[in-house]
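Presented below is the structure to which this report refers.
Derivation of every value follows stated rules applied to the coordinates shown; laboratory data play no part. Worth saying up front: this structure is predicted, and the values here are computed from it rather than measured. Every residue, glycine among them, receives a Cβ derived from its backbone with ideal geometry; neighbour counts consider all protein chains shown.
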Amino acid sequence: MPTITLQVNGTARSIDAWDPDMPLLYALRNELGLHAAKFGCGLGQCGACMVLLDDAPARSCVTSVGAAAGKRVVTAEGLGSPGKPHAVQAAFIAEQAAQCGYCTNGMVMSSVALLARTPKPTREQAQQALAGNLCRCGSHDRVLRAVQRAADAGRA
């Protein structure tokens, strides 16, 4: 069985890849025990499975482990910790930007990517960056406030 090495949250992690076309999401959740990225639609349409791949948001349900090999993969677990959350995570907590929480991973990861490339985004830029993340609970306004809070903190 071939082994694929992934650079996940700053650490080289090897997995037995019985199929290099296996979704990265399955490797993260089932092989590496990282559960922040969620299985939502499985079609790359909802954003629940979002990770950063070389600092760009990527839907791990439609990205293969083979395609991720040799790239930096960052999951929400790699952003911060409960005791010292990333600025975006702290802003989401402060704004209570999660209701059911299922979309939160994707919203956070997309927000981190946005703020890395646009440190002071307009509301419209934030809306555009988050447009591919579905939320059925209606926490969009709180999410946008969290993005603004993180941008204002200047630590994203």
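Can you list residues whose amide H is under 5 Å from residue 50's amide H, if they're 5+ apart or on another chain and H is modeled 1.01 Å from N?
Those qualifying (amide H under 5 Å, at least 5 residues apart or on another chain) are 38, 60, 106.
Angle between the Cα long axis of helix 104-117 and the longest principal axis of the chain, 0 to 90 degrees, nearest 10?
Approximately 80 degrees, to the nearest 10.
Which chymotrypsin sites (Phe, Trp or Tyr not before Pro) does region 1-78 hold that lie in a coil by DSSP with at most 13 other beta carbons within 10 Å?
Taking region 1-78 and a limit of 13 other Cβ atoms within 10 Å, the loop chymotrypsin sites (Phe, Trp or Tyr not before Pro) found are 18.
Looking only at Cβ-Cβ distances, which cysteines of the chain have no other cysteine closer than 4.7 Å?
For the chain, the answer is 100, 137, because their Cβ atoms have no other cysteine Cβ under 4.7 Å.
Sorted by packing (mean other beta-carbon atoms within 10 Å per residue), highest first, where do 78-84, 104-110 land?
104-110, 78-84
Report the extension gain between residue 153 and residue 35 in nm, rounded to one decimal, defined as 0.36 nm multiplied by the number of residues separating them, less their alpha carbon distance.
Extending this stretch completely gives an extra 39.7 nm.
In nm, to one decimal, how far is the modelled label at residue 99 from the one at residue 124, with both set 7 Å along Cα→Cβ?
That separation, rounded to one decimal, is 2.7 nm.
Return the sequence-ordered ³J(HN,Hα) values of region 23-35 in whole Hz as given by the Karplus equation 6.51 cos²θ - 1.76 cosθ + 1.60 applied to θ = phi - 60°, using x for Gly and Pro.
x, 3, 3, 5, 5, 4, 6, 8, 8, 10, x, 9, 10
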